[in-house]
Structures are given as C-alpha cells and as structure tokens.
Amino acid sequence: MHHDRADQMSEDEDDHRSPPSDLEFTSSEARNYSTVGSGSGSGSGVPESQAPYLDQVLDNVLDNVLQFLTSRQDRNAASLVCKSWYRVEAVTRSELFIGNCYAVSPARASARFTKVRSLVLKGKPRFADFNLLPQGWGAHFSPWVASMAKAYSCLEKVHLKRMSVTDVDLENLAKSLPGFKELVLVCCEGFGTKGLAAFVSLCRQLRVLDLIESEVADDEMDWISHFPEGESCLESLIFDCVECLINFQALERLVANSPSMKRLRLNRHVSIGQLFRLLKIRGPQLTHLGTGSFSLSDLVPQGDQEPELDYASAFTACKSLVCLSGFREIVPDYLPAIYPVCANLTSLNFSYANINTEQLRPIIRHCHNLQIFWVLDSICDEGLQAVAATCKELRELRVFPIDAREDSEGPVSEVGLQAISEGCPKLQSILYFCQRMTNAAVKAMSKNCPDLVVFRLCIMERHRPDHVTGDPMDEGFGAIVKNCKKLTRLAVSGLLTDKAFSYIGKYGKLVRTLSVAFAGNSDMGLKYVLEGCPRLQKLEIRDSPFGDVALLSGLHQYYNMRFLWMSSCRLTRQGCQRVAREMPHLVVELIGSNWEDMEMDDVAEKLSMYMYRSVEMPREDAPDFVTIM
Amino acid sequence: MEMERSVSYESDLNFKATELRLGLPGSDETEKQSTPCVRGHKRASSEISEESKGSSKVTDTAPPPAKAHIVGWPPVRSYRKNCFQKNEGEGVGKFVKVSMDGAPYLRKIDLGVYRSYSELLKALENMFKLTIGAYSEREGYHGSEYAPTYEDKDGDWMLVGDVPWEMFISSCKKLRIMKGSEARGLGCSA
C-alpha cells in the first residue's frame, strides 16, 4: 500500500535549506511500502542499505529521537523514510506550518498530525496587500478553529498571515483552548476590538498578543480593559496597527501587572508623555518597544509643553532595549530622547517617521550595532550615506517612499544604493523604493554585498530605464543573480526585456520567490524562469506580456511550487483550462467577474489567475468572482 | 489599453504613445487619466523630453505607456500610503493645533476633514462655543470679537480666508483664534 502524494506534500519554508521538493512527489508515486525490507522495490526515497533494519527500530526509540528534529524540512524528509517513521514523525511534530491554507484541509491536517502545539497558517497571496485581490476572496480562519477545537487540546500558539479572521473566530479560539498562550496576526482582517475584547478576557494564560499590520475594526470597545485583573503573564503586546483610541489608564495598569513583559508596541494614540510613564514602569525589562505617536497628545495645557516630561532620562533605564519602532506622528525635536539606547539597538524602524537627513544624522551616528533598519526616503541619499558610514553590521535595509506615487520626486537614487553597498558589506536583505536608478549602482551592490539573500528594488515609475545611460535595467539585475550566490528572493522593476529573465533563469538557481511587474517582452521571459529556476516556490507576476505558451511551459514545475499568480498578463481561459486539465492536483482560480463572459481564446487583460498545488478538491467557499477551472 | 502598448513594441514603434499632440491629457479616451490635470501635464512633458533623450534606443525599448493611475502600484500597502497622505497635508488627516486667546487648553483638529472655510469655521465655533462672524476680503471678520488666524509655512500670521482653500490647507501649520482689539486690527488694510 502506498501513501498518496497528498501526505508527502512538502511545505515551503523561508529558510535556506529546503530539499528539492520534487523528491517528495516523484518518490511517493514510485513508492511501494513494504514492512519487510524489499531492497530495490522500496522506491527512490529509501536508501537501500537501511531497508532491512527499519522494522527493527522500536517506535518509542524513534519517538525519542525524532523529538529532536525541529526543522520541518528535516521532518518532511524523515517522514518519507518508511511507514514507521512517517507515523512516529506525525505524532511527534509539534509545530505545524501550512504555507497555503487551501493546500490541505483542516481535517486532513489534524488527522495526520495529532499533537500539534503550534500552528502557522498563511492565506491570501501577497498581491492582496496591494488591492489586487477583491474583498471576500477567502482564506477564512473559521474552519480551522472548528477543527482545532476538536483535535488539538494542547494547541497553544497560532500564527496567521493574510487570513480572514472574525470576532467569532477569536472568541471560539479562546473558549475552546483555555490554556492558549500565543496569538500572532500578521496582515489579517475581518475582526475588530469586540473580538479582541472577548479573546483577551477568556485567555487567562495569554503570553503573546501580536497584531502586526492588520486591519482592526473600531467597534468602540475598550478591549484593553478586558484583560483579567491582577497579575498577568503577558510577555508581548503589539498593537501598533490598531487604529482605535485606547484606555490609557487600563493599559498602564496592565503593564504594571505584567512583570514578564518584554515587548510592547503602542499605537499612535499613545502620546509621548504616556509613553514615558510606561517606561518608568517597564523600561528596564523591555527588549522591543514601539513608541506610539512620539508626539504630544491632543489635549495640552496651553502655554506649557508638558514640563514634567524628562526627555533626557526617559530612556536611560532601557538597558535591555534592542528593537525600537513607532514614531507614528513624530515631533523630531523629541528624538534626542532616544540617544541613551542607540548604541545597543540591533533593530530600528523609522519607516513611519517623517524625518530628514539632518534629523537622522545625530541618531544614526550612535547606532553602530544596528542590523535592521527601516526608514523613509525622506532622509535622502545623504541620509543613506550617513547610515553607510556608521552601520557596518547592517544586515537588512528597507527604504520606503514617503510619497508613494509614480510621479513623485524621489529623494533617493542610485547614489544612496551605492553608498550602502560600499559601507555595509554584510548586507543580506534590501527593499529599496526609488525613482532613479542605474545599472552601475546595482552591479556595484552585487559585487560589494555577496551575502545578499533578498534583493527587492522598486523603481516606482513603470518601464523606467537606467536614468544615466537610457538602457534597460537588464544588466543590473543580471549582475545580482550572477554574483549573489545565496540569493533566494528577488523583485524586479524598471524597464526590463526578456534578457533580464534569461539571466534569472541562467544564474538564479536558488531563487525561491520572484516578483515581476510591468516587465519583459514576450513569452520567452517567463519561459526562461520556469525552465531555469528549479527552486522556484512563489512566483507573482502582474502586467507583463506573458501568455499561454509561457504558462504551459511550466507544467514540470508547478507541483514544486506553492503558487503562481498572474494578473493583467496575456493568458486566455483556454490556456488556464489546459493547465487545470493536465495537472489534477493544481487548483487554477480565475479571479474577476468577466472570465465567464470571455471567449475561450480571448486574452484576459485585466483579470487574474491564481494557481496553487493542493491535495484537496477545489474549495467550496469561493465567492462569485472566482471561477475554479 | 496600456497592456497592448507594452506588448506591441516588439513589432512596431508604438507611434501613438510618442505622438506629440496639442490636446490635453485625457482627451484620448485610451489614456485613462483619473488624476488631476496638473499632474498630467507634468507627466506629458517629462515623457516628451525622455523620448528625445532615448531616441537612439527606440527600437530596443518602447516608450512608456500613458501614466494612468494604476491599482496597487507602486506596491506599498494602503496603510502605509494613508499614513503619509496625512502628514503631507494633501488629503485626510492633517492635524493642526488650535489655540484660543483666554482658553486654558489647546485643541487639535484634522484639517483634512473639512472641504471649505465655512465648514472649518463652523467646527471652530462649535469647539470653542463662540461665534466668529462673517468674513469679507477687505475688512476681515466682523460681527464678533473673534478672528481666526493661522501661521503659515513661512512663519507669518495670516487671517483665515485670505488665500484659496487648497493653498490654506497645504500651508497652515497652526491656528489661533484671536480675541478683542488684536482681532479687530487684522483685516483692515492699514
């Protein structure tokens, strides 16, 4: 008897060591399990010499050994060895990672993995962040809550990304798991302060509540007051994205009652005066702090600017602080308050702080240990030069546009990029928004920063060439894939021809995630990538001239990938249907209402195709505007 | 459709996009300009200058399609985009402090919420429980002892209402409701 391919599905991961995932699929088809070592008949996944010994290993010995395997790649590999290992691995896996909530059903997951303590679940494709996916598409948490309530009595941690979560879900989660400890919601929506209130009042063992970049409806509910009275075991409270007023007195009480609190990120309705009061209580223990507005509150006694605020000493007690963010409505005059902590910071997020070069300089000068820096382009190229001069340990840089329109001025350019590449040789990850760029600067970065794993360049004006030479940006990106041997994630922009894609296909052997927009000339572009990049997992493309021929050239690859997204390209309904017919374990979704009105061979210019591997039948919760092929 | 344009450059030079015309942007129905004309003009001229620069390369690279407003581009999450529209003072969410002579507390209002002077003044009247009176260009505010003033980008104190609303929104840094003789002194051309 053999396990069908369903159970061998490898889960994509974000670390660097994924085994080639086609192994899981081909070996499962060839597999013919037998309990007595059958040598050559046991399928390509089983080393010959081990087959006779496997059935001698006692389950409980295996159990003890497999407890030590924590990485899911290792566990996936171990589960393929034989039936016995598969069974024991399933029972000992405590952290379950599901990269696409529609790839496997809650029932199947809980049938296989019975003792899960921690669940990571991801939903919508990333382009949903940019309004390319209509509301109501799916990724509902509800069926998972229902299933987990039954199956996992020891579930204590849930981490969701881009899922649709309702108030009822939160309440049910808390009700069914009284010992629940950790909830992390990243880019989620569908719930409000009402759900939060219910959740925090029911979860008496809550350690972590992290709401990150999520949309939280304002039900005018004072959710902070709903935390239980008395001593709390809260270690982390992150609510900087919650756009609702909060009851500060209740927050202050909560912080005072939480001796284990290490991470606190406030929303913009907490003033600088209120922040300083919280730092007096919890400052020395905090490792992660989000400052809130970093500005005065709305109601200030006229004529005096809160004279009791001691800007100089407020942060001196924060000896444990390594990660600082917030500054949501910053008054730059107050920035010197953070001088005492700069030298210890490894992570600084100024990406909501509208500050210029001169305001940045005195701060960044002290930040020699900085590894992660997020900032707005308001600091200009000169600001980046200042960063490059001091932050020699920098691993990750993100430069966001303060004016995110195509025709904005663009205060940073290739000058800033070049400076960073020269000053920060340990750079591993960069996200850079700009209006002007040159191939030369990108090439320089490819040579100066050999450790680059993530390179995301967004030249905001579409089809923009090298602004000095007028050439396409092909050579710059080519240099990145060629010289940065560890590169796994790439986002391209600017004027790009098929040549750029030929470079990616030729050199980007480790690329797992690729984002393409307004690029390429013809089907060849996409073909190069699908044929050349064996590790490709996530491919998202918009507004590029790739059609059915290109789509059909990737059939060998699609089961190895988590998903492919193509919107406003040159696909036809016919092409999509063909893929769906040839690949039964691929779900091909056409998104947008006019796919049905179209003729089979009409080119669908404004519509989207989202396709993903799945061991289930196509989902039944799809809304009207989704057609599943 | 702009998609067709970017594809067709493999076969032709896409004359339509490079055509120099005297018409306003938006007069060609395939150029979907949902943004105001001012920006459209700016773009049109920069496109023209780019054409002349890049003309030797025109066979390899196509001229860019019309810069209509594109959904989800640049790829910045709406939460982030909205935060900064606030601070720029161009849209919703521009907070300024309001002081009133004789009042113990400052207030803060969001200028972006109002669409005209009359809306703003009515809100101020409600907030401070007073009447401000009628504005006239020559004489300022009369009919009450209060006059609304504001500090602009250059640090000058101006009478609210003197400049067009849009200009006021982008240059106003803080408001002050003056009372008494000082108020009456404003607005009279000395």
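Read the figures in this text as sums done on the coordinates, not as results from a lab. It should be emphasised that the depicted structure is a prediction, and the values quoted were computed from it without experimental measurement. Please note: Cβ atoms are built from the backbone with ideal geometry, for glycine as well, and neighbour counts cover all protein chains shown.
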Next on the checklist: Within a 10 angstrom radius of the beta carbon, how do A:LEU296, A:LEU487 rank from fewest other beta carbons to most?
Outcome noted: A:LEU296, A:LEU487
Item to check | Overall Cα dimensions of chain A - principal axes, largest extent first, Å | outcome: 83, 64, 53
Checklist entry - Can you work out ³J(HN,Hα) from phi for every residue in the stretch B:137-146, in order, using Karplus 6.51 cos²θ - 1.76 cosθ + 1.60 and θ = phi - 60°, giving whole Hz and x for Gly and Pro? => result 4, 7, 10, x, 9, 9, x, 7, 8, 10
Checklist entry - On average, how many beta carbons from a partner chain sit within 10 Å of the beta carbon of a residue in A:460-466? => result 5
Item to check | the stretch A:128-156 versus the stretch B:108-177: alpha-carbon centroid distance in Å | outcome: 49 Å
Item to check | the stretch B:140-181: trypsin sites (Lys or Arg not before Pro) in DSSP loop, at most 10 other beta carbons within 10 Å | outcome: B:LYS153
Checklist entry - Once you charge only the Cβ atoms, +1 for Lys and Arg and -1 for Asp and Glu, what is the size of the charge dipole of the stretch A:110-189 about its Cα centre, to the nearest 20 debye? => result 420 debye
Item to check | Fewest-first sequence of A:MET524, A:MET445 by Cβ atoms within 10 Å of each Cβ | outcome: A:MET524, A:MET445
Checklist outcome for this item: Per DSSP loop assignment and a cutoff of at most 13 other beta carbons within 10 Å, chain A keeps its longest run without exposed GluC sites (Glu not before Pro) at A:1-219
Checklist outcome for this item: Restricted to chain A, the DSSP antiparallel beta bridge percent, nearest 5, is 15 percent
Checklist entry - Separation of the stretch A:321-377 and the stretch A:523-557 by C-alpha centroid, Å? => result 41 Å
Item to check | Relative contact order [Cα under 8 Å, 6+ residues apart], the stretch A:373-485, whole percent | outcome: 26 percent
Item to check | Global form of the stretch A:115-185, assessed from the alpha-carbon gyration tensor, a/c cut-off 1.5 | outcome: prolate
Checklist outcome for this item: Note on the stretch A:381-424: alpha-carbon gyration tensor, axes a ≥ b ≥ c; rule is a/c under 1.5 for rounded, else prolate if a/b larger than b/c, else oblate; result prolate
Next on the checklist: Give me A:LYS115, A:LYS194 sorted ascending by neighbouring Cβ count inside 10 Å, so fewest comes first.
Outcome noted: A:LYS115, A:LYS194
Checklist entry - By its C-alpha gyration tensor, with a ≥ b ≥ c as the square roots of the eigenvalues, how is the stretch A:382-486 shaped: rounded for a/c under 1.5, else prolate for a/b larger than b/c, else oblate? => result oblate
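Where both residues lie in the stretch B:96-190, what percent of DSSP beta bridges are antiparallel, nearest 5?
Details: 15 of 19 bridges.
Around 80 percent antiparallel, to the nearest 5.
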Checklist outcome for this item: Per-residue ellipticity at 222 nm attributable to helices in chain A (runs of n ≥ 4 DSSP H, -39500 (n - 2.57) apiece, nearest 500 deg cm²/dmol) works out to -8000 deg cm²/dmol
Next on the checklist: Need one number: the % of Cα-Cα pairs in the stretch A:222-353 sitting beyond the 24 Å mark.
Outcome noted: 23 percent
Item to check | Whole-Hz couplings from phi, Karplus 6.51/-1.76/1.60, listed for the stretch A:327-342; x for Gly and Pro | outcome: 6, 6, 9, 4, 9, x, 4, 8, 4, x, 4, 8, 3, x, 9, 4
Checklist outcome for this item: Given backbone amide H placed at 1.01 Å from N, residues whose amide H is under 5 Å from that of A:GLY192, ignoring those fewer than 5 places away on the same chain, are A:ASP167, A:ALA217
Checklist entry - Which distance in Å, rounded to a whole number, links the C-alpha centroids of the stretch A:460-498 and the stretch A:212-250? => result 43 Å
